[in-house]
Structures are given as structure tokens and as C-alpha cells.
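Take this structure first; my questions come after.
Laboratory data are not the source of any read-out in this text; all were calculated from the coordinates shown. Because the structure is a prediction, the values reported are computed rather than measured. Every residue, glycine as well, gets a Cβ built from its backbone with ideal geometry; the counts of neighbours run over all protein chains shown.
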Amino acid sequence: MAIPDEDVARVRAATDIVALIGEHSALKRQGRRFVGLCPFHNEKTPSFSVNAELGLYYCFGCQESGDAITFVRSLEHLDFAEAVRRLADRAGITVRDDVRETQRRRRLAPLLEVMERAVDWYHEVLLSSPEGGPARDYLRSRGYDGEVVRKFRLGWAPDGFDSLARHLSVPSEVLSESGLGFVNSRGRQQDAFRARVMFPIFDASGKAIAFGGRILPPAPASAGASSSGEARGPKYKNSPEGSLYSKRRVLYGLNWAKQEVISTGEVVVCEGYTDVIGFHIAGVPRAVATCGTALGEEHFRLLRNFAKRIVLAYDADSAGQAAVGRVYEWERQHQVDVFVARLPAASDPAELASSDPDALRSAVGEAVPFLRFWVERILQGVDMTSAEGRAKGAERAVAAVAEHPNPLVRDQYLMWVADRCRIDPALLRGSEARPSGGGSAAAPDRAGHSDAVVLGRRTPPEASRVSLLPSPSLEALSLVMHRRDDVGARLSPVLFLEQRERRAFEALQSHSDLHAAIADSDDDVAELLTRLAVEEPVADFEGVLVQLVREATRRALASLQAQARQLVGDGPELATLAAQVAEVRRDLDLLEVPSSAVSAADRLLAWLAGREVDMP
Ligand SMILES: [Zn+2]
């Protein structure tokens, strides 16, 4: 973890935050700021602001804020050290790592390198060797042109015993640890993938970490078409899990889909490599696939920084089974909405992409909330022409509806089911038995949370860019930030009457570096500082100072006056008070404040003098 602070500061200084964010959103200069559409939430009018000089960003729509490191962390789901390293790589800077991390990276580096070489080699074999011919024909028959093959860096693993191993010529352990090969029982080096179309799997940042290999469909019976027809193994084979690859943590295609997922806030989750490619071909470039495992917790963690809306595009039968019982939990925990694309029966995205791309696109465009999909499936499964069938359908549908955590949603579905099944809604409401034990959602919490989520962060207010800096104290803070040298020394914490603003000023005073000030502040103050950093101060300092002092003096004197009235007659205490007023008065002189405030202090002092108090 421990990257030294100086190194973090160097990385920050070397990072052009406008260029960095510009890779995700087009930014336009506006005065000293840059503005654009927020990469963190879906919007039509820009409410995202970047201050290049200070290296900070703030979104007035969803309140995301921070510096280059925060930006990379949020977008790429990295921890602090990883984000710093990512930016360091980008800027060509070396940071001093802790020992364990250095060791880990040193161990993985040769594996990543050998994976990259394997991707290249398989790709080359597919594109230009005679052995790749049948695979090229197969891919062409699926509608993959050269562009698709190159984009997804597809390859062909020839049907040799150790062709890849001989090409790579690296130690046997590297081959085993990367999952590319193994030593067989006779002690001979062997390739893991043979006679397969290769789909390289990349992590979100685009590093090759594994492969999925598919056998070719049996060639039409012709002489000598297949050299190893028997025992070719399963249709798909994946790299084994290892130090590079864990299928629970990887989504195939995220590296290509990321941009589009971020800009639309939506990700399409499907089951296979060819489904992902099919979606790309059909013009839906925001699809990812789980790699031979069910969609789970870790996948959601990976996705939640990219997408608010998750559209499941499984074939019709597996969609419900894949998710039922866990969807609402995921929605709540990760603040996403889960939808289901209704694909025509007995079709998967890969087929549909070539047979009817319009149908595929509209299935995603018209995806329905998970519960709607589930209830429809139930009603499709019964005979709706008979009274008994409709009753059975209603019963099962009610049980499904009861799983939903929000009572308002449940009630609307009940009415809908009642309508479809021609049953009195009151009857259904009565039978909406709470799941008695074993239900997936605990009863006490089921009412409130999902509404709170909808009204909270998830749906930011429509980019209303509130005019900022409505008060002199905020103007002052902003001036301190932007013109620290000429204004910082002329302000004092007492001029900030609000707790949060005062703490923000103190943080600025005690840190020469804005980023350090933000890092050391609590969330409240950090948010305020970041927001101000992306705003231009508009007022002139003298005017702001006068207003601040006037207000602070007015309040100080009012409170002193109130105290004085209570203390009439009490000599020593009045003397203390007089000393305080005199101090305020001196401050006023020092700060060159307007005469009205000064005269208020003078009147107070005169009044105290009239009480025969020892004047300081
Ligand atoms: Zn935003």
C-alpha cells in the first residue's frame, strides 16, 4: 500500500487531468474551467467541471468529485495504490512500492508478457497460416469480418502437440502458471489448447489474462477433414484459474465495452464470447459476458462503478434461473437496476446478431424490469384459457411478486396480475402471503430501502447547475484557493461563521497543498473544497472582505451586547467583556473595515465606559 507521499504528489503533478478525463468525456474550455458531460452519470447537459490548474473535478449533477487519482479509482474500480500506479505508468514515472506489491508485480510480469505473445501468435496463425483456414471459414460463416477478428484479436491454436510452447520458448513453469501449457505424465511439454478458435480474455484495463478456446463444429463428412476427431473435449475450454485469472472477477469484453458502458450508464450481460461479439456487430458495443460461471457478487462489484442499469441478455430459459432470488439484493447493495432483454424463444444473442440484428437491438432497448420478466414467464407457462390455469398462474405470480422489497411495486404488479388472470385484485392482495421464513429478503427492511435508493444518489437531479458561491464566505474560500498568496493572510477563521466553512478555511490555512488539505478533511469539508476548486471566484477580494467583516462584526457585537445586558452591575465580568470588545475594535482597524462596523464597536465601548468599567 504504502507509496510515499512525495511519489503520490509527483504522479499528481505529472498528470494532465484534462487529458485524462478527456478520454472519457469531451471537455470544453470555459474560462479557467473545463466542462463536459459527466462520466459518472447519464446526462444531456454538461454539469461536470474540471479545474486543470488545481487538478480537481466536481459534478454538479451527481456530486462525484476528486482529483486524478480519485477519478481513476472510481472509473476503473481500483484501490488507491493501484490508481497511483496506473497514473504513474501513464506519466512514465516510477513510484516506490511496498515490497509485497513489487514482488507480486515482478511475479506477474513474465506471465502477462507471455500471454501477450500467445495472443499475438494465435492471432497470426489464424490470419495467415494454412492451418488457420478452416477456422477462418468458420468465423466468416458466423459473419465475422477481418475487422471483427482483429478487434477481438481472435486466434487459432493449431492441432500440434507443443506448437505454442516451441514458439514461445519460455521456462515450463511460466507456461504452467499462465495456463498455456503443462507437462504431461510422460514428462513432455504440451500445449493447453489444441485445434481451437481462441478468444483472448482481457482484464478491464486491456491486459490479456486468459483464453477461451472453442472447437470447430464437425466439418461436413469429407475425407481427411479432421485429424483428431475423437476426444476433442468440451465445446468451450477456458484457461485454468491462477495468479492471473479468476473467472469470478472477470467479465469478458469489459475492456472494449467500458467507454460505451460509462457513457450510457448501461451494460448488457450475456453468457458467451460470441454473444459479446454478436452485440458489437449488431451495434450494441456495451456487452460483457461471464466466463463459464454465473453472474455473481464480484462481477457486480466490478460493474457498479461503470453502470447503473444492468440488462441481462441470456437465452430465455436461463435468464430467470440465473438471477432469481438474488436480483433485489444486488439492486439494493450495488445501487443498480436489473433489467431483462426478452430474446425470442430459443435464440441467443450470437445467433440473433447475424439472423436479425434489429431484433437484438430492440430486445435491449425494450428490456423490462426483472420482476416484469419473471411474472410474464410464469403466466406464459400456464394455460391462460382455463379458470384453473389462470388461478395457478395467479398463485405463482403472486409468490414471485411477494419477493419484491417495495410494497408500492408489489401492489402494482398484483393489480396487473389480477387483470391478466381475471381475478379480483382484493382476493390477490389477501393471498399475498409474506414469504413465511426462508424468503430471500428479510421482512423488516423490505419496505423502505428501494425507494430511498431511487430517490437518492442513483437518480441525480437533472443537471441543474445551481449558481454557486451565493455567499461572501464561499467567495472568500474560493479566492483563498485560487489566489492564496495575496488573500490568504488577510483572512481569519473568525470571519467564517459557519462551522463547515470555517473548517474548510482552517484546512486551507494549515496546508500549503490543496490536495493535502482535502485528504486531511472529513467528507463534508472535502466536498466543499473540491466543489469550490472547480469554480471561478467572481467577486473582487476587497468587496468580499468588507462583507465578511461586516457580518462577522455584526454577529460578534450582537452577542457581546447581549452578554453585557445580562451582566449589568457586575464589574469584573464587564471588564472582561470590555477587553473583548476592544480586541474586536483593534481587529477592525487592522482589517480596514467600513466605518459602520467600527462605529458599532465604538458605541459599545462607550456604553461600557459609561458603566464605569476599567477600560483596557
Ligand atoms: Zn455526475
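For the pair F182 and D137, what calculated FRET efficiency results from E = 1/(1 + (r/R0)^6), where r is the Cβ-Cβ distance and R0 = 25 Å, to the nearest 0.05? Can you show the working numbers first?
On the way: r = 30 Å, r/R0 = 1.20.
Rounded to the nearest 0.05, the efficiency is 0.25.
Measuring from label point to label point, each 7 Å out along Cα→Cβ, what is the D524 to A19 span in nm?
Output for this residue pair reads 3.9 nm.
How would C421, C38 line up from fewest to most surrounding beta-carbon atoms within 10 angstrom? Could the numbers behind the result be given before it?
On the way: C421 21, C38 25.
Fewest to most other Cβ atoms nearby, the residues stand as C421, C38.
Is the C-alpha gyration tensor of the range 181-220 telling us rounded, prolate or oblate? Criteria: a/c under 1.5 is rounded; beyond that, a/b larger than b/c is prolate, otherwise oblate.
oblate
In whole percent, what relative contact order does the range 5-97 give with Cα contacts below 8 Å and a gap of six or more residues?
Working: 125 pairs, mean separation 22.2, N = 93.
Across the range 5-97, relative contact order equals 24 percent.
Given R₀ = 30 Å, FRET efficiency for E297-F80 by Cβ-Cβ distance, to 0.05? If you can, show how the numbers build up before the last one.
On the way: r = 22 Å, r/R0 = 0.74.
Computed FRET efficiency for E297 and F80 comes out at 0.85.
From the square roots a ≥ b ≥ c of the eigenvalues of the alpha-carbon gyration tensor of the range 363-411, which class results: rounded (a/c under 1.5), prolate (a/b over b/c), or oblate? Could you put the intermediate results ahead of the total?
Values: a/c = 3.11, a/b = 1.32, b/c = 2.36.
Cα axes put the range 363-411 in the oblate bin.
Next up: Given 0.36 nm per residue, what is the gain on full extension from E506 to R153 after removing their alpha carbon distance, in nm?
Working: separation 353, 0.36 × 353 = 127.08 nm, distance 5.43 nm.
Roughly 121.6 nm would be gained on extension.
To continue, here is another question. Apply the a/c threshold of 1.5 to the C-alpha gyration tensor of the range 1-159 and tell me whether it is rounded, prolate or oblate. The partial results should precede the final answer.
Numbers: a/c = 3.36, a/b = 1.55, b/c = 2.16.
Note, shape of the range 1-159 comes out oblate.
With r as the distance between the Cβ atoms of L408 and E551 and R0 = 60 Å, compute the FRET efficiency 1/(1 + (r/R0)^6) and round to 0.05. The partial results should precede the final answer.
Numbers: r = 46 Å, r/R0 = 0.77.
E(calc), rounded to 0.05, equals 0.85.
What percent does the relative contact order of the range 83-162 come to when contacts are Cα pairs within less than 8 Å and at least six residues apart?
On the way: 38 pairs, mean separation 24.1, N = 80.
Here the relative contact order equals 30 percent.
Can you give me the long-range amide H partners of A210? Hydrogens built in the peptide plane at 1.01 Å from N, cutoff under 5 Å, separation of 5 or more residues or another chain.
Counting only residues 5 or more places away or on other chains, the set is I201.
While we're here: Within the range 59-76, what residues put their amide N at less than 16 Å from the label point 7 Å along the Cα-to-Cβ vector of D513?
67-70
A further question on this structure: Using 0.36 nm times the number of residues separating R29 and A391, minus their current alpha carbon distance, what extension gain do you get?
Numbers: separation 362, 0.36 × 362 = 130.32 nm, distance 6.29 nm.
In short, 124.0 nm is gained.
Turning to a different aspect of this structure: Using a 7 Å offset from the Cα along the Cα-to-Cβ direction at both R372 and K207, what is the distance between the two label points in nm, to one decimal?
The two pseudo-label positions are separated by 4.1 nm.
Report the gain in length on full extension from S169 to A489: 0.36 nm times residue separation, minus Cα-Cα distance, nm rounded to one decimal. Can you show the working numbers first?
Values: separation 320, 0.36 × 320 = 115.20 nm, distance 6.62 nm.
Using 0.36 nm per residue and subtracting the Cα-Cα distance, I get 108.6 nm.
Sorting H334, H299 on the 10 Å Cβ count, fewest up front, what's the list? Spell out each step's value before the answer.
Values: H334 18, H299 24.
Going from least to most buried by this count: H334, H299.
Right, here's the next one. Given the pairs K207/K258; K151/K237; K28/K308; K44/K308; K247/K308; K151/K207, which are separated by over 24 angstrom at their Cα positions? Mind showing how you got there, number by number?
Details: K207/K258 14 Å; K151/K237 21 Å; K28/K308 26 Å; K44/K308 16 Å; K247/K308 22 Å; K151/K207 14 Å.
Flagged as over cut-off: K28/K308.
I want to check the label-to-label distance for R105 and A426. Put each point 7 Å from Cα in the C-beta direction and report it in nm to one decimal.
7.1
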